[in-house]
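Following: one structure in structure tokens, then a few remarks.
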Amino acid sequence: MVNIQDLLDDAKCYETVRSLRWPEGIACPHCASDSVIKNGRDDTQPERQRYECRGCGKRFDDLTGTIFAGHHQPLKTWVTCLYLMGLNLSGLQIAKELDINKDDARAMIQQLRQGVVDRRPPVTLSGEVECDEVYVVAGHKGHPEAVQKKGGSAEDDA
Ligand SMILES: [Zn+2]
């Protein structure tokens, strides 16, 4: 069986990510400055370009601020997932093609649908927030003194 992931090369995958996240050229994910210089490559992923921003001085790389950062799946798997989504395959089929479990596939698909740039909104609660109330009713177990005596005790009969 042909595994499509084996046909992809990393350089193309990183190129794809760059064109997806920076369609108008590289910009700093911290301050949005486009005054950015290249700053070597990742130690373990040689195709992953590192940059330094001349605006804020911060460093970042191709995956900083994307949904791909901090995930254990290799970029190839993400790009293949994106490709398979374009073919309208089901989550289950995608999981099979990628050889990962269906929950992982589902989570990846969900994130890819929202775009590759991580736009997680800051956590704010708005509108009405409902909480389930839980009433804890303490029993008498372990607290015999709390149990009211009913009727007389054996000693009173003497
Ligand atoms: Zn910057």
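The values are calculated or read from the model by the stated rules, or taken from the named source; none is laboratory data. Please read these numbers as outputs of a predicted model, since none were measured by experiment. Heads up, the Cβs are rebuilt from the backbone with ideal geometry, glycines too, and the neighbour counts pull from every protein chain shown.
Buried (at least 18 other Cβ atoms within 10 Å of the Cβ) and in contact (Cβ under 8 Å) with a residue 60 or more places away in the chain: is that true of Leu63 in this structure? In short, no.
Yes or no, residue by residue, for (1) under 17 Å from the mean Cα position of the chain (by Cα); (2) farther than 19 Å from Arg119 by Cα:
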residue	(1), (2)
Ala11	no, yes
Glu24	no, no
His30	no, no
Asn39	no, yes
Lys58	no, yes
Thr64	yes, no
His71	yes, no
Arg106	yes, no
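Taking the conditions exactly as written (crowded, with 16+ Cβ neighbours inside 10 Å and either under 24 Å from Thr44 (Cα atoms) or of a type in the set (A, V, I, L, M, F, W, C) (or both)), does Leu92 satisfy them or not? No: the conditions fail for Leu92. Between a first residue in the stretch 31-58 that is on the phi > 0 side of the Ramachandran plot and a second residue that is within 14 Å of the ligand (Cβ to nearest atom), which pairs have beta carbons less than 7 Å apart while being 6 or more apart in sequence or on different chains? Matching pairs, first to second residue: Gly40/Arg50.
Do we have any residue at all in the stretch 85-97 that's modelled with pLDDT of 60 or more and closer than 19 Å to Ser19 by Cβ? It would help to see each step written out before you state the result.
First pass over the stretch 85-97, keeping only residues modelled with pLDDT of 60 or more: 85-97.
When the remaining residues are screened for being closer than 19 Å to Ser19 by Cβ, the result is 85-86.
Yes: one or more hits.
Scanning the stretch 13-28 for residues that are surrounded by 11 or more Cβ atoms within 10 Å (Cβ to Cβ) and free of Cβ contacts under 8 Å to residues at least 60 places away in the same chain yields Glu15, Arg18, Trp22, Ile26, Ala27, Cys28.
Only one entry of Val137, Val36, Val147 meets the criterion of being in contact with a Cys (Cβ under 9 Å, 6 or more places away or on another chain) and either modelled with pLDDT of 95 or more or over 21 Å from Arg18 (Cβ atoms) (or both), and that entry is Val36. All of (1) within 23 Å of the chain's Cα centre (by Cα); (2) within 20 Å of Asp118 (Cα to Cα) hold for Tyr51 with one exception: (1).
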